[in-house]
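One structure is given here, and the rest of the page talks about it.
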Amino acid sequence: MLIVPLVYSGYLSLFESKLIGGEVFAGLANYVRALQDSAFLASIGRMGLFFIVQVPIMLGLALFFALALDSGRARGARGARLLIFMPYAVPAVVATLMWGYLYGPDFGPIAQIARAVGLGTPEFLSPENILGSMMNIVTWEFVGYNMIILYAALRSIPGELYEAAEIDGAGQFRIAWSVKIPAIRPAILLTVIFSIIGTFQLFAEPSLLNTIAPDAITNSFTPNYYAYNLAFINQELNYAAAIAFLLGIFIAIVSYIVQLSTQQRERRERTTS
């Protein structure tokens, strides 16, 4: 189920479909074309900006909520945990349609309230603001998912560490910064890697927002959406397969760099301590 589609996709990426001659072997020509494709490179850069801005906000909120729930001082912790996690249970299609309605410049409630107080109509779906609007949708969707991962890691920390820190006079903030966060670094790294994969595989959000804001979302807005349009709209299956393989290689490289940098930092800290 996994290997066969990958092998077949790799096979397709090495061929080219021509009007005369049909499928002909092209070698790495599709990959060379992709590396020179301004639309593909622009989509990678756009998602790179998305990752740099959106992921720290999302994981920062997830870590904050996880620490707050783990502290035991939050009232109604079980209900709060369920409410924070609930957006993740909403399918991406439904979430995007819901936020698309909220962003609407004509009948959206945000626009109506803004006009009522004399602020004018906010243009959430304009080409200049659509990336930020999409960041908000993805953050809303996945804060709860990452919070659960971090909260589960926090619950596995031995209580003796907290007791020793309290005996040394550490407060809640000091315990969170010096004990809890270092102890759950593997979980934080896991959420970062998941976020890298998710960012560069965005599909549902741009494909649905394209119907709402066609002037703001192009057919190559994200790499995954670009590959889909190449394969099923332009019928360029071979080139789309090469795009997909390059995207997978890029995600693997970025994930490896993040993991390697984290491991090197931990080694330096252990050496200095």
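Values computed for the structure shown
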quantity: Förster radius 25 Å - calculated FRET efficiency between residue 232 and residue 252 (Cβ-Cβ, nearest 0.05); calculated: 0.50
quantity: D_trans [Stokes-Einstein, Kirkwood Rh over alpha-carbon pairs] for segment 124-273, 10 °C, 1.306 mPa s, µm² s⁻¹; calculated: 86
quantity: Cα-centre dipole for the chain with unit charges at Cβ (Lys and Arg positive, Asp and Glu negative), debye to 20; calculated: 660
quantity: Residue-averaged 222 nm ellipticity for the chain, from DSSP H runs of 4+ at -39500 (n - 2.57), nearest 500; calculated: -23000 deg cm²/dmol
quantity: Helical segments meeting 24 Å axial Cα length and Kyte-Doolittle -1.0 threshold in the chain (DSSP H); calculated: 38-70, 130-155, 237-272
quantity: Using alpha carbons only: equivalent-ellipsoid semi-axes of segment 143-200, gyration tensor based, whole Å; calculated: 27, 10, 9
quantity: Debye equation applied to the C-alpha atoms of the chain, log10 I(q)/I(0) at 0.07, 0.08, 0.15 Å⁻¹; calculated: -0.36, -0.46, -1.17
quantity: Local electrostatic count at residue 154 - Lys and Arg +1, Asp and Glu -1, tallied over other residues with Cβ under 13 Å; calculated: +3
quantity: Heavy atoms of residue 106 accessible to a 1.4 Å probe, total area in Å² rounded to 10; calculated: 100
quantity: Positive-end residue of 80, 217, 161, charge dipole of the chain with Cβ unit charges; calculated: 161
quantity: Percent of Cα pairs exceeding the 16 Å cut-off, where the set is segment 76-126; calculated: 54
quantity: Largest to smallest principal axis extent of the C-alpha atoms in segment 171-235, angstrom; calculated: 58, 22, 12
quantity: Average accessible area per residue (Å²) across segment 116-155 - probe 1.4 Å, nucleic acids and ligands excluded; calculated: 46
quantity: For residue 234, net neighbour charge (Lys/Arg +1, Asp/Glu -1) across residues whose Cβ lies under 14 Å away; calculated: -2
quantity: Listed residues 239, 264, 204: farthest to the positive end of the dipole of segment 133-273 (Cβ charges); calculated: 264
quantity: Convex hull volume per residue in cubic angstrom - Cα atoms of segment 8-51; calculated: 91
quantity: Leading residue at positive end of dipole, segment 148-273 (Cβ point charges), from 170, 252, 194; calculated: 170
quantity: Stokes-Einstein D for segment 1-160, Kirkwood Rh over Cα pairs, 25 °C, 0.890 mPa s (µm²/s); calculated: 123
quantity: Formal net charge of residues neighbouring residue 130 (Cβ-Cβ distance under 13 Å; K, R +1; D, E -1); calculated: -3
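The values are calculated or read from the model by the stated rules, or taken from the named source; none is laboratory data. Because the structure is predicted, anything quoted here is derived from the model rather than measured. Every residue, glycine among them, receives a Cβ derived from its backbone with ideal geometry; neighbour counts consider all protein chains shown. Ligands, DNA and RNA are excluded from the accessible area calculation, which covers all protein heavy atoms including side chains. Shrake-Rupley method; radii C 1.70, N 1.55, O 1.52, S 1.80 Å.
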